[in-house]
Amino acid sequence: MNLFTPLDAALNTKKEYILALKEMGLYSVRDLLLYFPRGYEDLSQFKKIWEAKDGEIITTKGYLHGIRVVPTKKRGMKLVKAMFYDDSGSECEVVWFNQPHLVRMLPMDKEVIVAGKVQYSYGKYVLQSPTVETIKEVQIHAGATVPIYPQHEVITSKWLREKINPLLFLTKEFENILPQEIITEEGLMSKSEAIREVHFPSDSKSLKKAQDTLGYEELFLLQLNAVKTKEEWKDSRPSNVDSIKMPMDPEFVKAFFSTLPFTPTGAQKVTIYEILKDMERPFPMMRLLEGDVGSGKTVVAMTALLQAVKYGYQAAIMAPTEVLARQHLISISKFVEEIEKIDLLGKTLNIQLLIGSLKTKEKEAVKGGIKSGQVNIVIGTHALIQEDVEFDNLGLLVIDEQHRFGVKQREIIVKQGSPHVLHMTATPIPRTLALVAYGDQDLSVINEMPKGRLPIITKIVPPENRESVYKYITGKIDEGQQVYVICPLIDESDVLEVKSVTAEHESLKQRFPQFKVGLLHGKMKSDEKDSIMKQFKAGDINILVSTSVIEVGVDVPNATIMLIEGAERFGLSQLHQFRGRVGRGKVQSYCFLYTNSSSDLTYQRLKAMVDYTDGFKLAEIDLNLRGPGEVYGVRQSGLPDLKLANLLDGILLDRVRKAAEKIVEKSKDLSDYPLLKKAWESLRKRMSEL
Ligand code: ADP
Ligand code: MG
């Protein structure tokens, strides 16, 4: 037998169990040994029965005697009872429910370890449904810190302990993926010892060390992948195309700033500097710009676009939807008039939109201009890099709001000649998590809002207050303000989501017959969506009912009120994004969070929305309340399922990152570390399939 022996050959068990294991993704001994506990129950401290408090779970040593099935009055209910006594002469009754087979299985009048809940009633102790284990060299169910595995109908923790324990001798076949120098430096265990200890810990100290070891390995592989990906990106620009060095010129930047109707914030200046410094280098940039909704990312991006155009390159912005692409066109065109007044570039800008819904002829024309180099700036959706678009000389690609920058997307961009890439997001990702999820990118953060904005007032609305909010908004609409209504997220299907938003639209039309109520959802054709957005912008629609498609980037300063239905279904960051749609003008804005849920967690989360307006703070709270998996999701973050890594320990992460960099420095192709190389390649494969 070895690690790769299939479980049906390695385990003496029924087919039903093998099937269940397969469903859990466990096929080989190796898989089973890498199936880690989700927690532990400390049953290692022995007590005497009489020392127990009522309701306490204790571990004790003694003898069982006189086991029997006792009939009860309740039909189908069978009690198993026995007596338990220990050396000190104390005794108590033991009860199990509906487990008649125990009568055959449990050893009588032999020393055993028993762990279970003690109930004290009518002057008597009763042990309820305890775990019983005979005394052995190693205890796996009681008398030790015992592993609790993820819950499963068929495959119980008890079953797993019994199957995994005898296979532990095979852990010696696990080789260390981590380089020995790191294991020594970090004071980690060998992988084989760590796997043994994580299933059956000898004490709390070695358990901690085992978890640290396995968690370190997970993080290390991810950081190694990030470092390698970053290196590959640097080397990816083909040598037959121009170098993309674009030296920074402070006078040019100042001149552009002088055309703006405001002074950039300190944070905007810092991030612009970081970006332009990257663009000075001969290899392509890969940078993530994070900035809360309304923090002013557009100006930062615009500076970079102009920098590229100044040096004779083309620049492009890619948005996730056509609505947003059009909006970028509008915001960018606003800059242009002033820029041309001072003749900043010494040439006229040719800015074009390239989106899927253009007529074929228009599309061909734009593509022609892109190919010939006549077009300087292109704004588009995915169509930009997916369709057969050929750039004359693409120097910068700005990608707005794409949660994941996948392996595939990267490949396409390499084909476009590996321009500088600036990725922008309004999702405030705490730095530690960004290091893990976007570790192959450099990070710039706009951590400051333009001055003088009125903070949005947020309120939680229980169902009984719904009508008073409706009355309140009636007054505001009469004053000429506009309202967004966001419908709850429905995971199961788009069809249901459309149904629910359509129903809400109907009901609001009836509630507000005097107003124009509009509808927007993801299944609408893009020209329908556009027309609705246009009407809303023009003020022809008073109330806009929408699914979460409204989330990013939409800018209607006259909309001052946002109602969010089923608010508990959204993540805090997402709620914060919605809320960012209002508060864009000079009038006080409001956000009302409707919820029917009365759970504590819901209240805590929604209360955070009331208390904080800072997106980073909210992201942190959400992360602490729900954990990274829930908040960012495996898919969204592009992270493989991490079992033991602590994603929130920044100091550790920095150390891991440095260690990974050092290894790549020593052996760029990892040939000095063949096992590590293999593990990294398999991680990369898994990540590209996510
Ligand atoms: P986002 O980061 O959400 O994309 P935008 O770039 O759309 O934010 O900026 C939001 C609004 O703030 C825009 O109307 C923009 O003109 C304005 N703005 C940007 N920077 C500043 C600043 N430094 N001072 C005042 N207003 C600013
Ligand atoms: Mg924006």
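One residue alone among 82, 9, 52 is over 23 Å from residue 200 (Cα atoms), loosely packed, with under 14 Cβ neighbours inside 10 Å and among the small types (Gly, Ala, Ser), and that residue is 9. What residue, among those in the stretch 287-336 that are out of contact with any Pro (no Cβ under 9 Å at 6 or more places or on another chain), at pLDDT 90 or above and charged (D, E, K, R), is nearest to ligand 1 (Cβ to nearest atom)? My answer is 297.
Close Cβ contacts (under 8 Å, 6 or more residues apart or on different chains) running from residues in the stretch 276-298 that are within 9 Å of residue 424 (Cα to Cα) to residues that are away from ligand 2 (no atom under 16 Å from the Cβ) and part of a helix (DSSP H, G or I) comprise 287/274; 287/278; 288/434; 290/434. Restricting 18, 67 to residues that are within 22 Å of residue 136 (Cβ to Cβ), touching a Leu at 6+ places or on another chain (Cβ under 7 Å) and β-branched (Val, Ile, Thr) narrows the list to 67.
Taken together, the residues in the stretch 325-376 that are closer than 18 Å to residue 312 by Cα, surrounded by fewer than 14 Cβ atoms within 10 Å (Cβ to Cβ) and within 37 Å of the chain's Cα centre (by Cα) amount to 0.
Out of the stretch 663-690, which residues are of a type in the set (D, E, K, R) and surrounded by fewer than 14 Cβ atoms within 10 Å (Cβ to Cβ)? Within the stretch 663-690, 665, 666, 668, 669, 672, 678, 681, 685, 686, 689 meet the criteria. Pairs are defined by a Cβ separation below 6 Å, a sequence spacing of at least 6 or placement on different chains, a first member in the stretch 513-526 that is at positive phi, and a second member that is modelled with pLDDT under 95 and among the hydroxyl-bearing types (Ser, Thr, Tyr); no pair meets this definition.
Look at the stretch 219-252 and say how many of its residues are in a helix (DSSP H, G or I) and either of a type in the set (D, E, K, R) or under 36 Å from the mean Cα position of the chain (by Cα) (or both). Full working, then the answer.
Within the stretch 219-252, the first condition is being in a helix (DSSP H, G or I), and the residues that meet it are 219-234, 250-252.
When the remaining residues are screened for being either of a type in the set (D, E, K, R) or under 36 Å from the mean Cα position of the chain (by Cα) (or both), the result is 219-234, 251.
Number satisfying all stated conditions: 17.
So, residue 529, is that one over 27 Å from residue 468 (Cα atoms), assigned to a loop (DSSP other than H, G, I, E, B) and touching a residue at least 24 places away in the same chain (Cβ under 8 Å) or not? Against the criterion (over 27 Å from residue 468 (Cα atoms), assigned to a loop (DSSP other than H, G, I, E, B) and touching a residue at least 24 places away in the same chain (Cβ under 8 Å)), residue 529 does not qualify. Scanning the stretch 665-689 for residues that are aliphatic (A, V, I, L, M) and over 27 Å from the mean Cα position of the chain (by Cα) yields 670, 675.
Can you tell me which residue in the stretch 256-286 is nearest to ligand 1 (Cβ to nearest atom), limited to those that are under 17 Å from residue 306 (Cβ atoms) and within 28 Å of the chain's Cα centre (by Cα)? Of everything passing the filter in the stretch 256-286, 268 is nearest to ligand 1 (Cβ to nearest atom).
Of all residues in the stretch 540-579, those satisfying the criterion of being hydroxyl-bearing (Ser, Thr, Tyr) and either more than 20 Å from residue 470 (Cβ to Cβ) or modelled with pLDDT under 90 (or both) are 547, 548, 573. In the stretch 532-558, of all residues being in a loop (DSSP other than H, G, I, E, B) and away from ligand 1 (no atom under 16 Å from the Cβ), the one that is nearest to residue 487 (Cα to Cα) corresponds to 547.
Could you check, for the stretch 515-536, whether at least one of its residues is crowded, with 18+ Cβ neighbours inside 10 Å and within 16 Å of ligand 2 (Cβ to nearest atom)? Looking for residues that are crowded, with 18+ Cβ neighbours inside 10 Å and within 16 Å of ligand 2 (Cβ to nearest atom), one finds at least one in the stretch 515-536, hence yes.
When the stretch 116-130 is examined, which residues are found to be surrounded by fewer than 17 Cβ atoms within 10 Å (Cβ to Cβ) and at pLDDT 90 or above?
The first filter runs over the stretch 116-130 and keeps only residues surrounded by fewer than 17 Cβ atoms within 10 Å (Cβ to Cβ), leaving 117, 120-124, 128-129.
Residues satisfying the conditions are 117, 128, 129.
Please state which one of 179, 150 is at pLDDT 95 or above and either touching a Leu at 6+ places or on another chain (Cβ under 7 Å) or not hydroxyl-bearing (Ser, Thr, Tyr) (or both).
Values: 150 fails: at pLDDT 95 or above.
It is 179.
Residue 513 satisfies every condition listed in (1) under 22 Å from residue 548 (Cβ atoms); (2) at pLDDT 85 or above except (1). If you go through the stretch 285-305 and pick out every residue that is crowded, with 24+ Cβ neighbours inside 10 Å and away from ligand 2 (no atom under 16 Å from the Cβ), you end up with 1.
Counting only helices (runs of 4 or more DSSP H) wholly contained in the stretch 597-660, the ones carrying 1 or more residues that are surrounded by 14 or more Cβ atoms within 10 Å (Cβ to Cβ) and at pLDDT below 85 occupy 615-632, 634-637.
For the stretch 395-452, which positions are closer than 15 Å to residue 236 by Cβ and in a loop (DSSP other than H, G, I, E, B)? The answer is 405, 416, 417, 418, 419, 440, 441.
The values are calculated or read from the model by the stated rules, or taken from the named source; none is laboratory data. Everything numeric here is computed off the predicted structure, so don't read it as measured data. We place every Cβ from the backbone using ideal geometry, glycine too, and count neighbours over all the protein chains shown.
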